[in-house]
Amino acid sequence: MAQALKDRRKEAGNHSLQVTFDDNNLLQLLAGERNAHLKTIERQLEVQLHLRGNRIALSGAQAEVEIAERLLNELAELIRRGYPLYESDILFAIRVLRENINRRLGDIFFDQVFIASNKKIISPKSLKQKEYIEAIRTDDIVFGIGPAGTGKTYLAMAMAVGALSKELVRRIVLVRPAVEAGEKLGFLPGDLAEKVNPYLRPLYDALHDMMDFERANSLILKGVIEVAPLAFMRGRTLNDSFVILDEAQNTTTEQMKMFLTRLGTGSKAVITGDITQTDLPENKVSGLVEAIELLRGVAGIRMVYFTKRDVVRHKLVQDIIEAYERYEKGKASITRDAERS
């Protein structure tokens, strides 16, 4: 078991300690090929790590060294329990421990939401994703609100497929608003399915990432899994179903009310969206924004808010989101200055 030595030194503001391991094989897995994992930790936490025999020496600012110490011990425990460690796992683990250094990583990394057909284990990668999953497990209606790349739709899909495989529900209904639905849709070439398919493609992509292509298509043909535009939900009652409404920021007030009142007995609904990215006309209020205000505090309905810190796509996605936020703030500032002058 890894054990931090107690002889800590402070020299010129530098904090130092050592972590000792009694299993050299575990230490090699923890360090990574050519110490790649240790180098990732050094870059992310701005600390220095030196592997010497069965020990890793740490030095740097006290707060960062303490996170690194905790990180090494927690990652070692994951490896002991058979978890295959990748760079992305280390990045997620650092994010978690920055939020709460006392958090047990095993509680998050071993919370298996679903095992996909390719044997990929789908599990939460942040404290907020963990909260989101727990909300879906315990509440019948959950709103996942936040920027792209935070796993809102992907995790909801995994929970839906998992519920279907355990026979907790009889079907999955995946819904998206087609912003151009209505008169404009009629001008597009092809039959109705061909017209709405581009809007639904992201849902198919997520589904096929978790389920064998032929299996998924078979369930779709049987009606066990339904992928449809939001307009198709009118007049229906969805019993024993796991329903996901994606891109909900593009719903109108009427559409959101219509969707929420479709839920029947034995069903669960997850509504995802980013209220900063609405594609509705300027004179239309987002149904998602209104629902958040109207339903806040209602028992059985949970709101989970993601931020740019929860982005789990490519590490550049978070930088891109921040760049756009700075740009939008700059434009707003220029507009305000122009109005004052």
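The values are calculated or read from the model by the stated rules, or taken from the named source; none is laboratory data. Everything numeric here is computed off the predicted structure, so don't read it as measured data. FYI the Cβ positions are ideal-geometry reconstructions off the backbone, even for glycines, and counts take in every protein chain you see. Heavy atoms of the whole protein, side chains included, go into the accessibility calculation; ligands, DNA and RNA do not. Shrake-Rupley method; radii C 1.70, N 1.55, O 1.52, S 1.80 Å.
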(request) Could you tell me whether any residue of region 261-274 is farther than 23 Å from L203 by Cβ and touching a residue at least 12 places away in the same chain (Cβ under 8 Å)? (result) yes
(request) Look through region 83-142, keep the residues that are among the basic types (K, R) and assigned to a helix (DSSP H, G or I), and return whichever of them is modelled with the highest pLDDT. (result) R137
(request) Report, by residue number, each residue of region 143-164 that is in a loop (DSSP other than H, G, I, E, B) and either more than 21 Å from K257 (Cα to Cα) or over 10 Å from the mean Cα position of the chain (by Cα) (or both). (result) P147, A148, G149, T150, G151
(message) Can you find a residue that is open to solvent by 50 Å² or more (accessible area, probe 1.4 Å), closer than 13 Å to R171 by Cβ, in contact (Cβ under 8 Å) with a residue 60 or more places away in the chain and in a loop (DSSP other than H, G, I, E, B) anywhere in region 240-250?
(response) yes
(message) Can you pull out every residue in region 139-158 that is crowded, with 23+ Cβ neighbours inside 10 Å and over 22 Å from Q277 (Cα atoms)?
(response) A158
(request) Could you please let me know if V311 is surrounded by 18 or more Cβ atoms within 10 Å (Cβ to Cβ) and over 30 Å from E167 (Cα atoms)? (result) yes
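Residue-wise test of (1) without any contact (Cβ under 8 Å) to a residue 40 or more places away in the chain; (2) touching a Pro at 6+ places or on another chain (Cβ under 6 Å); (3) surrounded by fewer than 20 Cβ atoms within 10 Å (Cβ to Cβ).
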| residue | (1), (2), (3) |
| --- | --- |
| N73 | no, no, yes |
| L85 | no, no, yes |
| I101 | yes, no, yes |
| G106 | yes, no, yes |
| F110 | yes, no, yes |
| V113 | no, no, no |
| I121 | yes, no, yes |
| P124 | yes, no, no |
| Y132 | no, no, no |
(request) Give A291, A231, A216 a once-over and let me know the one that is open to solvent by 10 Å² or more (accessible area, probe 1.4 Å) and in a helix (DSSP H, G or I). (result) A231
(message) Let me spell it out: the conditions are (1) modelled with pLDDT under 80; (2) part of a loop (DSSP other than H, G, I, E, B); (3) surrounded by 13 or more Cβ atoms within 10 Å (Cβ to Cβ); (4) of a type outside the set (G, A, S), and V169 meets all of them except one. Which number is the exception?
(response) (1)
(message) With assigned to a helix (DSSP H, G or I) and either open to solvent by less than 80 Å² (accessible area, probe 1.4 Å) or modelled with pLDDT of 90 or more (or both) as the only criterion, which of M303, M256 stands out?
(response) M256
(request) Mind listing just one residue for me: the one in region 46-71 that is in contact (Cβ under 8 Å) with a residue 12 or more places away in the chain and on the phi > 0 side of the Ramachandran plot and, of those, least open to solvent (accessible area, probe 1.4 Å)? (result) G60
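One line per residue, one yes/no per condition, for (1) part of a helix (DSSP H, G or I); (2) at pLDDT 95 or above:
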residue: D7; (1), (2): no, no
residue: Q28; (1), (2): yes, no
residue: L49; (1), (2): no, yes
residue: E69; (1), (2): yes, yes
(message) Regarding region 263-276, can at least one residue be identified that is open to solvent by 60 Å² or more (accessible area, probe 1.4 Å) and either in a helix (DSSP H, G or I) or of a type outside the set (S, T, Y) (or both)?
(response) yes
(request) Please tell me if G264 is touching a Leu at 6+ places or on another chain (Cβ under 8 Å) and within 17 Å of K152 (Cα to Cα). (result) no
